[in-house]
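Nothing in this text is a laboratory measurement; each read-out follows from the coordinates by a stated rule. None of these values were measured; they are calculated from a predicted model. Reconstructed Cβ throughout: ideal geometry from the backbone, glycine too, with neighbour counts over all protein chains shown.
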Amino acid sequence: MELLKQRILKDGRALDEHVLLVDSFLNNQVDPALMRAVGEEFAARFKDAGVTRVATIETSGIAPAVMTAEALGVPMVIMKKSLSSILKDDILQTEVFSFTKNKSYTLTLKKTYMHPEDRVLVIDDFLANGEAAFGAFRLVEAAGATPVGLGTVIAKVFQPGIDKLREAGYRVEALAPVSRMGENIIEFE
Ligand code: 5GP
């Protein structure tokens, strides 16, 4: 997706060879027009997959996920990283190791919003080692629903997640596949 790649080159910053900062349009501030274009691109790529629900992991997945859900005309479900005291019953949980925080957290899905007949597209902001995506798929499968794939805004394809997910049989669509990073270097596949 050319528009997104140009924006990453203009406003993104590689912290080192492993971490990309896109705070100004995806993580801390959101560009709604760009997110709408991202949502339309995911919807076009998955238009024949029979998606009935989009799911994402809070927080940075929400903007691209809601735009994708709008473009597909389906609801969007949020998987929570922290458990509030009002979300106690009717939940599914799995442990996920966080790339950015370097520690595990419990990912929680409210069962009410995912059913065995659902075909679920998982959307996230970044794909690195695949831990978050595998965790999201575990919850989709625990609900008895069918995961149709992962749409990631950015995939760092030099990290193992993309290959691991595809080897496990999951479809992965990456709008900006980054092949190499370094100080002042961002290259796409
Ligand atoms: P994974 O679980 O695939 O190792 O990492 C994916 C999650 O870690 C994403 O949901 C995202 O929040 C975060 N993440 C991974 N790599 C980066 C990165 O380079 N920059 C930012 N901002 N977040 C990242």
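Here are the numbers:
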quantity	calculated
Of Lys5/Lys110; Lys10/Lys156; Lys5/Lys111; Lys80/Lys164; Lys101/Lys156; Lys10/Lys110, those spanning more than 28 Å from alpha-carbon to alpha-carbon	Lys5/Lys110; Lys5/Lys111; Lys10/Lys110
Total formal charge among the other residues, if their Cβ is under 14 angstrom from that of Ala142, Lys/Arg +1 and Asp/Glu -1	-1
Relative contact order, percent, the chain [alpha-carbon distance under 8 Å, six or more residues apart]	21
Nonlocal amide H pairs with Arg53, under 5 Å, H built at 1.01 Å	Arg119, Leu121
Ordering of 140-152, 160-172 by packing [mean C-beta count within 10 Å, highest first]	140-152, 160-172
Residues Leu3 and Asn28, FRET efficiency given R0 of 22 Å [Cβ-Cβ distance, rounded to 0.05]	0.65
The chain - Rg (one decimal) and Dmax (whole number), Cα, Å	15.7, 48
Environment charge of Gln29, counting only residues whose C-beta is closer than 11 Å and scoring Lys/Arg +1, Asp/Glu -1	-3
Trypsin sites (Lys or Arg not before Pro) within the range 10-66: DSSP coil, no more than 11 neighbouring Cβ in 10 Å	Lys47
Semi-axis lengths (Å, descending) of the ellipsoid that matches the C-alpha gyration tensor of the range 37-136	22, 17, 11
Angle in degrees between helix 32-45 and the longest Cα principal axis of the chain, rounded to the nearest 10	70
Highest-first arrangement of 69-76, 122-129, 97-104, 27-34, where packing means the average Cβ count within 10 Å	122-129, 69-76, 27-34, 97-104
Expected 222 nm ellipticity per residue - DSSP helices of 4 or more, -39500 (n - 2.57), all of the chain, to 500	-8500 deg cm²/dmol
